[in-house]
Structure formats: structure tokens, C-alpha cells
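Each remark here refers to the structure printed beneath this line.
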Amino acid sequence: MNLSSRSQLDGPTEVADRDKTESNKNVVKGYFDTVILQGQRDKVSQYRSMDNFHRHSCDGEDNKSGFQLKTGPYAKPGFGFKIEKVHKILGQGNFVLVMSEGLFDAKPAAFYDLYRIEDNKMVEHWDVVEVIPPKEQWKNSNGKFEGAQMERTSIREATDGENESGCKYRRRERISKSWSVKFRNPAPDR
């Protein structure tokens with residue numbers, strides 16, 4: 001559980017407002033363009049509910065400032081966190097996923113941020129952060145984003161677990177690959 005007694009497994013899961021998919025994606029795109037990438041922190045309230053925002057991040061907590069408080073790993077001296085590039089924004093109804101990259105603890109990282117939108121505001125947030133190893137340590141040439149093949153998978157089994165910080169998670173096992181698609185404009189090699 002995080003400091004707000006939320007985990008990565010709780011919160012609403014029902015997709016609603018399918019007719020608002022594009023407008024909800026635009027809310028999140030506007031937030032990332034304006035607040036995250038351009039640093040206009042004073043505009044966070046245009047995109048995010050300031051009174052009703054639930055964070056499910058393992059080290060996060062609900063707060064009205066709109067930004068991560070200096071707790072957990074964020075309190076570590078010299079800690080660096082910055083999103084530098086948004087790769088993809090996907091959505092269905094009231095849920096929007098942003099795939100991006102940047103720095104986490106001053107190391108290259110991939111970010112997957114899932115938001116639930118209500119009344120044109122972000123009201124809920126789940127995330128996964130994964131450090132990107134140096135290219136010579138990659139197991140394939142795809143990287144996290146460049147030229148990757150996307151796989152459709154079905155779920156056979158879900159197992160619950162807990163990380164060293166006590167945050168609960170659910171691991172799903174893939175059993176079938178039924179299609180793959182290459183990105184139209186893969187990013188250049190690093």
C-alpha cells in the first residue's frame with residue numbers, strides 16, 4: 001500500500017464514456033505537453049482534479065499540489081525525475097495510457113502512466129516505471145519503444161505479489177501471440 005492506502009490493484013476498472021475517448025486522450029496529451037514537458041506547473045488544475053485525485057503509485061500519495069511529494073525514493077538526495085519524450089498515447093473511454101521515457105533516479109527509464117478521466121479531468125493514476133539498461137545489455141534490438149513489435153496476448157493466469165517496498169502487484173502470464181504490428185515511424189537508434 002502507498003501512503004494513501006492505495007495499491008496498484010485497486011480502483012475502478014469499468015470502461016465508461018467510450019464516446020469521449022478522443023477528448024479524454026486530449027486532456028492527458030494537454031497535461032503532458034503543457035505541464036510535464038513545458039514545465040508550466042501553474043496549469044496543472046486545467047487537466048487534473050485538485051480535490052478528487054487518487055494515486056495508486058507504490059511510492060506516491062494523494063495530494064492537492066498536483067506533483068509528487070518528497071517521500072520514498074523522491075526524498076533521496078540527488079534524486080532526479082524527468083519525462084523527456086512521449087512515445088504513445090492510447091485510450092478507451094475514460095482510461096488513457098501514456099508511454100514515455102526520461103530519467104528516474106538519474107537513470108534512463110520507461111514510464112507507463114494510466115489515468116482515469118472524469119468530467120474532463122484526470123481523477124486517478126496508476127504507473128509503472130522501468131529502468132532502461134544500456135543498449136549493450138538489451139536482449140533484443142527493439143528497446144522499449146524503437147521499432148518494437150506489439151503483441152496481442154491473452155491472459156492465462158494472474159498471480160499476486162509484493163515488491164520490497166510492500167507494494168502489491170499482479171503479474172499476468174501470456175499464452176498466445178495472435179498479431180504483431182510495427183510502429184509506422186520508429187524512433188532512430190540511440
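Coordinate-derived values only; no laboratory data. Since we're looking at a predicted model, the values are computed, not measured. Note that each Cβ is placed from the backbone with ideal geometry, even for glycine, and that neighbours are counted across all protein chains shown.
Computed 3J(HN,Hα) for the stretch 86-94, one whole-Hz value per residue from the Karplus formula 6.51 cos²θ - 1.76 cosθ + 1.60 where θ = phi - 60°, is 9, 8, 7, 10, 10, x, 8, x, 8, glycine and proline marked x.
Taking the number of Cβ atoms within 10 Å of each Cβ as an exposure proxy, the fewest-first ranking of 14, 130 is 14, 130. Across the stretch 96-113, coupling constants 3J(HN,Hα) worked out from phi with the 6.51/-1.76/1.60 Karplus curve, θ = phi - 60°, read 9, 10, 10, 10, 9, 9, x, 10, 9, 6, 6, 10, x, 8, 9, 10, 10, 10 Hz, and Gly and Pro carry x. Taking Lys and Arg as +1 and Asp and Glu as -1, the other residues whose beta-carbon sits under 11 Å from that of residue 122 total 0. Taking amide H as placed 1.01 Å from N in the peptide plane, the amide H of residue 84 sits under 5 Å from that of 101, 102, 103, each at least 5 places away or on another chain. For the residue pairs 43/76; 76/144; 107/139; 121/144; 82/144; 82/135, the C-alpha atoms sit more than 24 angstrom apart in 43/76; 76/144; 121/144.
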